[in-house]
Amino acid sequence: MALKLYHAEPLANSLKSMAPLFEKQLPFESIYVNLHKFEQHESWFLAINPEGQVPVLDHDGTIVTHSTVINEYLEDAFPDAPPLRPNTPAGNARMRYWNKFVDEHVMNHVSMHGWHRLVGLIARKIAAGEFEQLMERIPLPDQRRKWMAARSGFSEQQLADATAKIEYAVDKVERQLDGNPWLAGESFTLADINFYSHCGMMVERMFPEMEIAKRAPRLVEWRDRVTVRPAMQQALTMPDHTEPGLRTWSGHAR
Ligand SMILES: N[C@@H](CCC(=O)N[C@@H](CS)C(=O)NCC(=O)O)C(=O)O
């Protein structure tokens with residue numbers, strides 16, 4: 001059995017698929033893809049994932065893409081490893097409800113702020129002609145538009161809309177954690193890993209004006225319980241090649 005994970009820094013989608021590998025104690029070969037150098041759009045990587053995005057799991061030649069799909073694949077492929085799904089119909093439905101919520105209503109909004117603050121700096125450093133050439137290599141039209149928007153800067157209105165969606169998510173999670181130790185109920189699941197990787201671990205540092213400690217104390221306590229998990233610590237200490245000067249809020253929870 002050979003597992004390889006193509007990933008970037010331990011944050012967002014990359015963290016989301018690294019954490020389950022450590023939680024499930026599955027040895028894997030880590031292959032770092034440098035997004036700051038656009039390696040995800042190079043032909044060697046596009047041959048593995050034609051969509052040009054990380055993370056990608058390679059399990060004995062079976063290629064699996066999209067973090068939520070990868071994480072469920074690991075549950076199905078390794079039933080004897082410590083589970084990250086309740087494995088009851090109702091429990092799995094709750095977990096998938098929260099995964100869907102994070103994937104559809106949280107990830108892109110936090111990501112826009114991240115791209116505005118970090119990727120925008122990277123994109124603006126690239127010379128005009130070179131930038132257009134790099135854009136031509138991006139296979140997903142939405143992703144190409146996102147890179148271009150990051151270079152010119154997202155509008156105040158777009159950023160404010162994204163902030164409102166994040167506030168909604170924070171309040172929703174805070175209510176869910178009233179009486180439930182974890183998002184899907186009694187056990188730690190992929191849903192906790194998902195919300196943590198995209199929002200929970202950095203929301204306080206990214207949005208100090210939200211006063212998260214006051215607004216969502218249960219979320220902060222949950223966040224700390226996720227951070228100290230040995231597997232999460234292993235994932236969080238995976239290499240970070242972000243230029244130190246560009247590590248503002250993205251300095252990870254270490
Ligand atoms: N739906 C995908 C999204 C993957 C994604 O957005 N990956 C980002 C890194 S967090 C990426 O590869 N960005 C580089 C790019 O699109 O150029 C998933 O869940 O894995």
Exercise for the section: Could you tell me whether any residue of the range 145-152 is hydroxyl-bearing (Ser, Thr, Tyr) and either closer than 15 Å to Met202 by Cα or near the ligand (Cβ under 10 Å from one of its atoms) (or both)? Expected result: no
Practice task
Return yes or no: is Val106 closer than 23 Å to Leu177 by Cβ and crowded, with 17+ Cβ neighbours inside 10 Å?
Solution key: yes
Practice task
With respect to Ala191, determine if the residue is surrounded by 14 or more Cβ atoms within 10 Å (Cβ to Cβ) and over 20 Å from Gln233 (Cα atoms).
Solution key: no
Exercise for the section: Could you tell me whether any residue of the range 67-89 is under 23 Å from Thr242 (Cβ atoms), within 16 Å of the ligand (Cβ to nearest atom), without any contact (Cβ under 8 Å) to a residue 40 or more places away in the chain and buried (at least 17 other Cβ atoms within 10 Å of the Cβ)? Expected result: no
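Is it fair to say Gly120 is away from the ligand (no atom under 13 Å from the Cβ) and outside the structural domain of Leu177 (by TED's automatic domain parsing)? Let's see the steps before the verdict.
Values: away from the ligand (no atom under 13 Å from the Cβ): yes; outside the structural domain of Leu177 (by TED's automatic domain parsing): no.
No.
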Problem - Among (1) free of Cβ contacts under 8 Å to residues at least 24 places away in the same chain; (2) in a helix (DSSP H, G or I), the one test that Asn180 misses - result: (2)
Completion exercise
Per the filter on the range 92-130, residues over 13 Å from the mean Cα position of the chain (by Cα) and of a type in the set (D, E, K, R) are Arg94, Arg96, Lys100, Arg117, Arg124, Lys125, Glu130
Practice task
Return the pairs, sorted by first residue and then second, in which the second residue is within 15 Å of the ligand (Cβ to nearest atom) and small (Gly, Ala, Ser), the first residue lies in the range 28-48 and is touching a residue at least 12 places away in the same chain (Cβ under 8 Å) and closer than 17 Å to Arg144 by Cβ, the beta carbons are less than 6 Å apart, and the residues are 6+ apart or on different chains.
Solution key: Leu35/Ala8; Gln40/Gly52; His41/Gly52; Leu46/Gly52
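If the requirement is being surrounded by 20 or more Cβ atoms within 10 Å (Cβ to Cβ) and not aliphatic (A, V, I, L, M), which of these qualifies: Tyr196, Tyr168?
Criteria check complete, one pass: Tyr196.
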Completion exercise
The condition of being in contact (Cβ under 8 Å) with a residue 24 or more places away in the chain, in contact with a helix residue (DSSP H, G or I) (Cβ under 6 Å, 6 or more places away or on another chain) and part of a helix (DSSP H, G or I) holds, among Ala213, Ala169, Ala231, only for Ala231
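Would you confirm whether any residue within the range 108-124 is among the aliphatic types (A, V, I, L, M) and assigned to a loop (DSSP other than H, G, I, E, B)? Working first, answer last.
Of all residues in the range 108-124, those among the aliphatic types (A, V, I, L, M) come to 110, 112, 118-119, 121-123.
If we keep only those that are assigned to a loop (DSSP other than H, G, I, E, B) too, we end up with none.
Within the range 108-124, not a single residue is among the aliphatic types (A, V, I, L, M) and assigned to a loop (DSSP other than H, G, I, E, B).
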Practice task
Just name the residue that is farthest from the ligand (Cβ to nearest atom) out of those in the range 1-54 that are in a strand (DSSP E or B) and buried (at least 20 other Cβ atoms within 10 Å of the Cβ).
Solution key: Leu5
Handout entry: Selection count where residues are touching a helix residue (DSSP H, G or I) at 6+ places or on another chain (Cβ under 7 Å) and farther than 22 Å from Glu136 by Cα, scope the range 27-42
Key = 1
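The values are calculated or read from the model by the stated rules, or taken from the named source; none is laboratory data. Bear in mind the structure is a predicted one, so any value in this text is a computation, not a measurement. A quick note on method: Cβ atoms are made from the backbone with ideal geometry, for glycine too, and the neighbour counts reach across all protein chains shown.
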